[in-house]
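Notes for the one structure printed next.
What follows draws every value from the coordinates through simple rules; no lab data is involved. Predicted, not measured: the structure shown is a model, and the values here were computed from it. Virtual Cβ from ideal backbone geometry, glycine too; neighbours counted across all protein chains shown.
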Amino acid sequence: MSGELALKRVRLAAEWETSPLWIIYERRGELDTHNCPLDQVGDYMDLSPSLLRELDSWDAEFQATYRADDPQKSGFSSDQDKARWVQQGRALAPELAKQVAASVSVVYQTITLKLVP
């Protein structure tokens, strides 16, 4: 990460057609938010290849639920599938927190928009 950027928070939040990692950083006294593609994570933080694979797999499962032809019908096919996927994200967040600097907070935002510290 560049010396002029200070990573403040990482938000794990799946959204269709974006990366699941959102970074909040400070640059020259200003806070900014950036959706960070998984292949660019190394520009901001050092995550293990295994965690990056898990994040990619978790996000791919969510992305597969998107129906571009009818976005209103997008989503998991069952409540059980959705609950399992949400729980996987909940388990990934502490692993992410272990791999970032102690000064960086990590939050998990479920698809119901609930923030989980």
*Magnitude of the Cβ-charge dipole of the chain, K/R +1 and D/E -1, about the Cα centre, nearest 20 debye?*
440 debye
_Farthest toward positive dipole pole in the chain [+1 Lys/Arg, -1 Asp/Glu at C-beta], among Q109, L5, P20_ = Q109
*So what's the angle, to the nearest 10 degrees on a 0 to 90 scale, between helix 79-99 and the longest Cα principal axis of the chain?*
10 degrees
*Under the rule of -39500 (n - 2.57) per DSSP H run of 4 or more residues, summed and divided by the residues of the chain, what mean residue ellipticity at 222 nm is obtained, to the nearest 500 deg cm²/dmol?*
-10500 deg cm²/dmol
_Lysine pair number, Cα distance threshold 24 Å (strictly under), the chain, separation 8 or more or different chains_ = 6
*Just going by the charge dipole of the chain, with Lys and Arg at +1 and Asp and Glu at -1 on Cβ, which of G75, V100, Q40 is farthest out on the positive end?*
V100
